[in-house]
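Accompanying notes for the structure given below.
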2 protein chains.
Amino acid sequence: MPGLSEFSLIKYYFEKISTPRSDVLLGIGDDCAIVQAEINQQIAISVDTLVEGIHFLPNADPESLGHKSLAVSLSDLAAMGAKPAWFTLALTLPEVKEPWLAAFAEGLATLAKQHQIALIGGDTTRGPLSITIQVNGFVEPEQALRRDGACLGDNIYVSDTVGDAGAGLKLKQNQLKVQQGKQQQEAFLQQRLDKPTPKIELGRALHGIANSAIDISDGLAADLSHILEKSHVGANIELEALPISSALTDIVSKEQAEQLALYAGDDYELCFTVPLEKQDELKKVKGIYTKIGTITNEPRKVVFYRDGQKVELTGKGYEHFSVED
Amino acid sequence: MPGLSEFSLIKYYFEKISTPRSDVLLGIGDDCAIVQAEINQQIAISVDTLVEGIHFLPNADPESLGHKSLAVSLSDLAAMGAKPAWFTLALTLPEVKEPWLAAFAEGLATLAKQHQIALIGGDTTRGPLSITIQVNGFVEPEQALRRDGACLGDNIYVSDTVGDAGAGLKLKQNQLKVQQGKQQQEAFLQQRLDKPTPKIELGRALHGIANSAIDISDGLAADLSHILEKSHVGANIELEALPISSALTDIVSKEQAEQLALYAGDDYELCFTVPLEKQDELKKVKGIYTKIGTITNEPRKVVFYRDGQKVELTGKGYEHFSVED
């Protein structure tokens, strides 16, 4: 768009992120957006910041970055069982480069459209690259999947596979050696890191079935510990049950895969607990999820088992420097 | 709080920003906050980012910064006539320094309490200092003060005084010489820059009276031009009528004061238009506001008058590099 000012250029690309919604009464371009909440629904709100060099590597692909910036926040809605509605974007950019902006907006818009979430406001500022997205969604009263509802005897589940994104990061950082003939597996792991899929539908389907849920942004062990802390319970985890992709085991040893599955972040899968009396209902829920353990009554205590034997593990979930995740 | 981890330290200070509200069903500490919208109200949403070196000087006083970060977003609610409800804070910090954090939280908490707005979520990340706050407020259906309602013949008003914050910035940057015996005036101007007062009550009182409004973040001329553009009208402005504080005229020449009043940013006053038939109702509205001109029918055209004579002005409002303000 030669001839457009930086201001107009940014406006041009972000107006393309248009998911029409009848509850957006006034969108971008005034002091505030004006939206209408659904009657008899509660509102779920979450905010996440991604900073270059902390949450993504310098020179990250802008289209993936646009996708991921929204995906991590949508994943928080998924973890509450909320339905996406609106989001705002605060983007800090060192400079306005049109190809970067076009690709970033494209990644953002594609995911936004998929989840029918509308961009309703923004603020773009010059400075070191960072992206803050706040999402708003709806959840039925008393139906939100909180962290504090797990009870003794519940089964613990995790969606899809875990550890892939951690391996994707190690590949990007050259901490894992790229192997001959394993390009397909490597591409899969990179994709899992760069373009996580927020589990919105699974979260919605777990209403009335799961009694707690969290999304795995900081690693399964770290995020499960938030459920244990808030619910004042403990967990037995069966290491053999951890859902690990064949791509991951093709690239790293079984031990490394287990470490990544437990402690690496950025998977954006859901970890949730289901009481025994809801197991039959859970069977009807579509999606990929695996039982990995059970809730115990020893607050915050996690005991790992391998083939029925207790094992001692050392390690620590990657902790972002963060108020809350 | 010696002995606390960075994580706990941040949590400790931000939990102090507690404005209890019955519509906050789940606050900080889960994947999302859960809130309940008021029945028969619409929701106003705005987001603003302040970046060190762009929106505030390096080593800015943290208590003022806490105040200002929230004030600029509250000012957007004021400009819509909305009532503050909830906010989220995304804070990027180069390092965790306890005195800084305590002072920042104090500035934020004091203003939050004053406006009964609750902190419901956050994300704190390591990186170059920047603060993104998103505010949510309520506004009665069809009552929001938009930018697009100004009509031919309306009077144009501005609240309080303008240009003070611009002078405050020049003082801070040593572009204005500090004068003997003028410490009180200088302190006032600095205060106007550092601790703007969002005009929430005035915005609320203008419902059904003003037909357009905007807050002055980028300078009166620049922000008025947004109303003119969205409303497809023009304006005659009477320069003698600009509300300029005695502190400002004590420090700078009349010409400089006028320039600052028109083009300097950061005042966070309201500029609004009122139809002639609502003038009597306006008289009952408490607050300080001054008529500075009238709306004309030449789209986007601003004509300045001094003592009844047309004058040519050159100058340009300070434009942040921004999607929308």
inquiry  = Distances in nm, one decimal, shortest first, from A:Lys177 to the same residue in every other copy, taking the label point 7 angstrom along Cα→Cβ.
reply    = 7.2
query = Tell me, what does the Kirkwood hydrodynamic radius of segment A:146-199 come to in angstroms if you use every pair of distinct C-alpha atoms?
reply = 13.3 Å
ask   = Taking the simple approach of a point 7 Å from Cα along Cα-to-Cβ for both A:Ala187 and B:Glu281, what is their distance in nm?
value = 6.4 nm
request  = One decimal, nm, shortest first: give the distances between the label point of B:Gln36 and those of the same position in the other copies, each label point 7 Å from Cα along Cα→Cβ.
outcome  = 2.2
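By the scheme Lys and Arg +1, Asp and Glu -1, what is the net charge of all other residues having a beta-carbon under 10 Å from that of B:Arg147?
My count for the surroundings of B:Arg147 gives -3.
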task = Please arrange A:Ile17, A:Ile39, A:Ile131 by counting, for each residue, the other beta carbons lying within 10 Å of its beta carbon, fewest first.
result = A:Ile39, A:Ile17, A:Ile131
query = Tell me, in nm to one decimal, what length is gained between A:Cys151 and A:Lys16 on full extension, where the rule is 0.36 nm per residue of separation less the Cα-Cα distance?
reply = 44.0 nm
note = Taking every other residue with Cβ under 11 Å from the Cβ of B:Val158 and scoring Lys and Arg +1, Asp and Glu -1, one gets -3
request  = Obtain the nm distance between the two label points defined at B:Ser8 and B:Asn59 by a simple spin-label model: each point lies 7 Å from its Cα along the Cα-to-C-beta direction.
outcome  = 3.3 nm
task = Would you please calculate the Kirkwood hydrodynamic radius of segment B:6-139 over all C-alpha pairs and express it in Å, rounded to one decimal?
result = 14.9 Å
ask   = Under 5 Å between amide H atoms, partner at least 5 residues away or on a different chain: which partners does A:Tyr305 have, H built in plane at 1.01 Å?
value = A:Ile237, A:Glu238, A:Leu239, A:Val311
note = In order over segment A:179-189: 3J(HN,Hα) from phi, Karplus 6.51/-1.76/1.60, θ = phi - 60°, whole Hz, x for each Gly or Pro, gives 10, 4, x, 10, 4, 5, 4, 5, 5, 4, 5
request  = For peptide B:36-43, compute the average count of partner chain beta-carbon atoms within 10 Å of each residue's beta-carbon.
outcome  = 5
request  = Figure the gain on full extension for A:Leu313 and A:Glu98 (residue separation times 0.36 nm, minus the Cα-Cα span) and round it to one decimal in nm.
outcome  = 72.6 nm
message = Kirkwood Rh and Cα-based Rg: tell me the resulting Rg over Rh for segment A:135-282, rounded to two decimals.
response = 1.01
ask   = In nm, one decimal, shortest first: how far is the label point of B:His207 (7 Å from Cα along Cα to beta carbon) from the matching points in the other copies?
value = 3.1
key: Cα-based Rg of the protein assembly as shown normalised by 2.2 N^0.38 Å, two decimals   = 1.02
remark   = The exposure ranking of B:Glu269, A:Glu277, fewest beta-carbon neighbours within 10 Å first, is A:Glu277, B:Glu269
request  = Identify the trypsin sites (Lys or Arg not before Pro) of segment A:223-284 meeting these criteria: DSSP loop state and at most 14 other C-beta atoms within 10 Å of the C-beta.
outcome  = A:Lys284
inquiry  = Suppose a student asked you for the relative contact order of chain B, using Cα pairs under 8 Å spaced at least 6 residues apart; what percent would you report?
reply    = 22 percent
ask   = Using modelled backbone amide H atoms (1.01 Å from N, in-plane), which distant-in-sequence or interchain residues come within less than 5 Å of B:Ala37's amide H?
value = A:Ile43
ask   = Between B:His207 and B:Val303, what FRET efficiency comes out of the Förster formula 1/(1 + (r/R0)^6) with R0 = 35 Å and r the beta carbon distance, rounded to 0.05?
value = 0.70
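Which value in Å does the Kirkwood hydrodynamic radius of segment B:117-210 take, with 1/r averaged over all unlike C-alpha pairs and then inverted?
Result for segment B:117-210 stands at 17.5 Å.
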key: Cut-off under 5 Å, modelled amide H: who pairs with A:Thr125 long-range   = A:Leu91, A:Thr92, A:Leu93
message = Once you compute Rg and the Kirkwood Rh from C-alpha atoms, what is the Rg to Rh ratio for chain B?
response = 0.99
ask   = Can you sort B:Ile209, A:Ile214 by how many other beta carbons sit within 10 Å, fewest first?
value = B:Ile209, A:Ile214
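Coordinate-derived values only; no laboratory data. This structure is a prediction, so every number in the text was calculated from the model and none was measured. As a convention, Cβ positions derive from the backbone with ideal geometry for all residues, glycine included, and neighbour counts pool all protein chains shown.
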